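Some notes on the structure that comes next.
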Amino acid sequence: MNFDECSENINHKSILIQDKKGKSKFYLENKSQLMITKIIVDGCLNITGKKCDYLITIDHPLIEIYIELKGRRVDEAIKQIENTIQQVSKNKYTGTKFCYIVHTKCLLTTQEIQNYTKTFKKNYNATLRFKPSGFKEKIVDIIGKSRI
């Protein structure tokens, strides 16, 4: 799969990921200015079926970060991320992955969230997180968590 036309290498201190309407936003703090690759999945990558919005990759260590920006349809976001991992991941079963569903309102129960989180860990070695719009995540924390 050719990522070149859908990706950019960046090392900004703060990286904003947002939907086209600006309703759902996610920030990656990159104070050490690591070089990362930001890939536009939805609307650019040619994959079958529903797909998540963005994929961020870090090379050392290899980490894939899947991001879906959603309003309320969080259950749909899970399917979009799953489908993207199955078609795009360099190592879909064992590689380190973090998946963020950034929402304006989550309608899932705590039990449903726990079940999805366990399934993603078991099936894809992925940490699934549900975060409200505007959430900020530090890249150094993601790298640190990948070594646990």
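Would you check if Cys52 is surrounded by 15 or more Cβ atoms within 10 Å (Cβ to Cβ), in contact with a strand residue (DSSP E or B) (Cβ under 7 Å, 6 or more places away or on another chain), in a loop (DSSP other than H, G, I, E, B) and not acidic (Asp, Glu)? Considered against the rule, which asks whether it is surrounded by 15 or more Cβ atoms within 10 Å (Cβ to Cβ), in contact with a strand residue (DSSP E or B) (Cβ under 7 Å, 6 or more places away or on another chain), in a loop (DSSP other than H, G, I, E, B) and not acidic (Asp, Glu), Cys52 comes out as yes. What about Lys21, is it modelled with pLDDT of 95 or more and either closer than 18 Å to Ser89 by Cα or surrounded by fewer than 12 Cβ atoms within 10 Å (Cβ to Cβ) (or both)? Judged against the criteria, Lys21 is not a match. Got a sec? Which of Thr104, Thr110, Thr127, Thr119 is over 20 Å from Cys52 (Cα atoms) and either among the polar types (S, T, N, Q) or exposed (fewer than 13 other Cβ atoms within 10 Å of the Cβ) (or both)? That would be Thr110, the only listed residue that is over 20 Å from Cys52 (Cα atoms) and either among the polar types (S, T, N, Q) or exposed (fewer than 13 other Cβ atoms within 10 Å of the Cβ) (or both). Determine whether Glu76 is in a helix (DSSP H, G or I), among the acidic types (Asp, Glu) and surrounded by 15 or more Cβ atoms within 10 Å (Cβ to Cβ). The answer is no for Glu76. Test Lys105 against the stated conditions and say whether it is closer than 18 Å to Tyr27 by Cα and either more than 14 Å from the chain's Cα centre (by Cα) or without any contact (Cβ under 8 Å) to a residue 60 or more places away in the chain (or both). Yes: the conditions hold for Lys105.
The values are calculated or read from the model by the stated rules, or taken from the named source; none is laboratory data. This structure is a prediction, so every number in the text was calculated from the model and none was measured. Ideal geometry is used to build each Cβ from the backbone, glycine not excepted, and the neighbour counts take in all protein chains shown.
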